[in-house]
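The values are calculated or read from the model by the stated rules, or taken from the named source; none is laboratory data. Since the structure is predicted, the reported quantities are computational estimates derived from the model, not experimental observations. Neighbour counts run over all protein chains shown; Cβ positions are idealised from the backbone, glycine included.
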Amino acid sequence: MEELGILIVDDDRTTISILHHMLKPYADRIYLASDGVEGLASYAEHHPDIILSDINMPRMDGLQMVEAIRNEDESVKIALFTDFEKRDILLRAIKLGVNQFLSKPFESKSFTKTIQQLHHDIIEKREARFKLQRQEDILHAINEMSHSFLQQPDWMVALHKEMKNLKNAARASCIFVYENQHDGTCSSAQKLFYINDNEQARGKEKIHYRKHHLMRWKNKLQKNQLIHGRKSDYDKSKTKLLNLFKINALLILPIFVQEQWWGFLGIGNGHTELLEESNVEMLGTAASIIGSAINNSRNRKSLEMSSAVFKHTMDGVVVTDAQNHIIQMNDAALQITGYDQKSILGKNPKILKSGKHDKQFYQKMWDQLHDEGCWQGEITNRKKNGEIYIEWLSINTVKDSQGNIENFIAVFSDVTHQRKDAQQQAFLATHDPLTGLSNRILFNDRLEHAIEHAKRFEKHIGLIFCDLDNFKPINDTYGHTVGDEILKRIGSHLKELLRKEDTICRFGGR
């Protein structure tokens, strides 16, 4: 994981000193700035994960700095020290996308809780992004392996490059391939290929299943079952083997050739983290591709086996040809888009366009695909039933040995619900959660705007304050559930009576 950085922007040296001390447990790098100008320059240079800023500062205040940063980056976490009584500043900060608000002087426990939440959100997002990226990289490496093995008359010529790419994609510290002794008993396996990042590690030239007490592993591999676990899961004999390889987590996948157990592919890590199940399934496909390459390096069967990746991944996968016609979609992609194979195969993916993006958006995407071979971002598309949805999309190009594009592979997931949750949080910041009416923050903002508008055009505004008499006895007699229902019905009735452009506020609600 990459390091986490925090930028502190404040013109008070005492505050900066205190914050620097309090933030040390949460950051690998802490940057300091005395005003918005320095803060903006520090952000551009270091791209921190969290920004803590005061509002009132010389040269450029905190809100001006936030606005400039938000024009470049919508994801960085920002917390402001603010006076909660200044509603106009608070509302403006909310509109600019400030994530948290803190008061001065700040209370240690409350401040720590806020920083912990921001830190947790960033780490959680990084871990999700890391897992998704690893899954995409493994998928890409497997597709490259399929093409490379088929293009080489001797699959061993491509083995070193493709195994190194697979190791890097899986974020592993070592990878190896062993071939069984083909004497009818498979009593031992000879090392065929081996890479290990740890220079002190030693790989065995030959593994004797019985001599090294690996008969249980042998029996599982013969049944086409994988080995996947940590060093702490195994007995002394197996632990000794892992110590030799300098790894703490191990995945062993059987390789079959013409339905006969040929050997195994091993992937190990120096840390104890186990690979996710979806990654294990994809790496199982890699072992199958090796088996197909051994059987016939030009056999198209290896490509058919690699298609198992598309079936088992939880994300949608779409494969198009060089002319961008869909040639394959997995079940997840069909489920997300609502199409079936017959109605989507052969079509251009633009059939999913929602109309929410302009030509420049797609032109920029295609330019990056052709220049860099990949594109990643958020896009709004339309399902077959017309429903709009938001997806996180990654596209990679697959090229032949001459560098010509053969395919495009798109991996995407539906993130509509996450975006709706964010919109709901923004709505709750300015509306009463019970009645759905405007709250005091939105009311004050619109009232100030209406007054200024009336002054400018020499007009008048109407302001009515309604109080519910004898409301407390209703709550006391019938309970708060009945009282809440009355408030909701009154709010609904007022909405029907007034115009859409009028503002109705539940002033007593929070």
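When each of Gln368, Gln360, Gln341 is tested for being surrounded by fewer than 14 Cβ atoms within 10 Å (Cβ to Cβ), of a type outside the set (D, E, K, R) and without any contact (Cβ under 8 Å) to a residue 12 or more places away in the chain, the lone residue that passes is Gln360.
Can you name the residue in segment 127-158 that is among the aliphatic types (A, V, I, L, M) and more than 19 Å from Glu277 (Cβ to Cβ) and is also nearest to the chain's Cα centre (by Cα) among such residues? Taking the candidates together, the pick is Met145.
For segment 397-445, which positions are of a type in the set (Lys, Arg) and modelled with pLDDT of 75 or more? Quick ask: steps written out before the conclusion?
So in segment 397-445, the residues of a type in the set (Lys, Arg) come out as 399, 419-420, 440.
Scanning segment 397-445 gives a single hit, Lys399.
The requirement of being among the acidic types (Asp, Glu) and either closer than 13 Å to Ala79 by Cβ or part of a strand (DSSP E or B) (or both) is fulfilled nowhere in segment 27-47; no residue meets it.
Let's see how each residue does on (1) hydrophobic (A, V, I, L, M, F, W, C); (2) exposed (fewer than 14 other Cβ atoms within 10 Å of the Cβ):
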position: Ala189; (1), (2): yes, no
position: Ala201; (1), (2): yes, no
position: Lys211; (1), (2): no, yes
position: Leu214; (1), (2): yes, no
position: Trp217; (1), (2): yes, no
position: Gln225; (1), (2): no, yes
position: Gly229; (1), (2): no, no
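Specify which of the listed residues (Ser394, Ser401, Ser413) is small (Gly, Ala, Ser) and over 14 Å from the mean Cα position of the chain (by Cα). Reasoning before the result, please.
Working: Ser394 fails: over 14 Å from the mean Cα position of the chain (by Cα); Ser413 fails: over 14 Å from the mean Cα position of the chain (by Cα).
Criteria check complete, one pass: Ser401.
Scan segment 496-503 and tell me whether some residue there is touching a Phe, Trp or Tyr at 6+ places or on another chain (Cβ under 7 Å) and surrounded by 10 or more Cβ atoms within 10 Å (Cβ to Cβ). So that I can check it myself, show each step before the final result.
Taking segment 496-503 as the starting set, the residues that turn out to be touching a Phe, Trp or Tyr at 6+ places or on another chain (Cβ under 7 Å) are 503.
When the remaining residues are screened for being surrounded by 10 or more Cβ atoms within 10 Å (Cβ to Cβ), the result is 503.
Checked segment 496-503: at least one residue is touching a Phe, Trp or Tyr at 6+ places or on another chain (Cβ under 7 Å) and surrounded by 10 or more Cβ atoms within 10 Å (Cβ to Cβ).
Looking at segment 132-152 only, could you name the residues that are in contact (Cβ under 8 Å) with a residue 40 or more places away in the chain, of a type outside the set (A, V, I, L, M) and under 15 Å from Phe412 (Cβ atoms)? Those that are in contact (Cβ under 8 Å) with a residue 40 or more places away in the chain, of a type outside the set (A, V, I, L, M) and under 15 Å from Phe412 (Cβ atoms): Gln135, Glu136, His140. Do we find that Ile486 is within 30 Å of Lys95 (Cβ to Cβ), assigned to a helix (DSSP H, G or I), aliphatic (A, V, I, L, M) and out of contact with any Pro (no Cβ under 7 Å at 6 or more places or on another chain) in this structure? Spelling it out, it is not the case that Ile486 is within 30 Å of Lys95 (Cβ to Cβ), assigned to a helix (DSSP H, G or I), aliphatic (A, V, I, L, M) and out of contact with any Pro (no Cβ under 7 Å at 6 or more places or on another chain). Taking every residue in segment 110-125 that is under 17 Å from Ile30 (Cα atoms) and pairing it with any residue that is in a helix (DSSP H, G or I), at least 6 positions away or on another chain, the pairs with Cβ-Cβ distances below 7 Å are Phe111/Met22; Ile115/Leu23; Ile115/Tyr26; His119/Tyr26.
Check segment 112-121 and report whether any residue there is surrounded by 14 or more Cβ atoms within 10 Å (Cβ to Cβ) and not in a helix (DSSP H, G or I). No, because not a single residue in segment 112-121 is surrounded by 14 or more Cβ atoms within 10 Å (Cβ to Cβ) and not in a helix (DSSP H, G or I). Does Glu67 satisfy the condition of being among the charged types (D, E, K, R) and part of a loop (DSSP other than H, G, I, E, B)? In short, no.
Only one of Asp154, Asp197 is modelled with pLDDT under 90 and outside the structural domain of Gln376 (by TED's automatic domain parsing); which? Testing whether each residue is modelled with pLDDT under 90 and outside the structural domain of Gln376 (by TED's automatic domain parsing) leaves just Asp154. Of the residues making up segment 177-227, those that are hydroxyl-bearing (Ser, Thr, Tyr) and either touching a residue at least 40 places away in the same chain (Cβ under 8 Å) or outside any loop (DSSP other than H, G, I, E, B) (or both) are Tyr178, Ser188, Tyr194.
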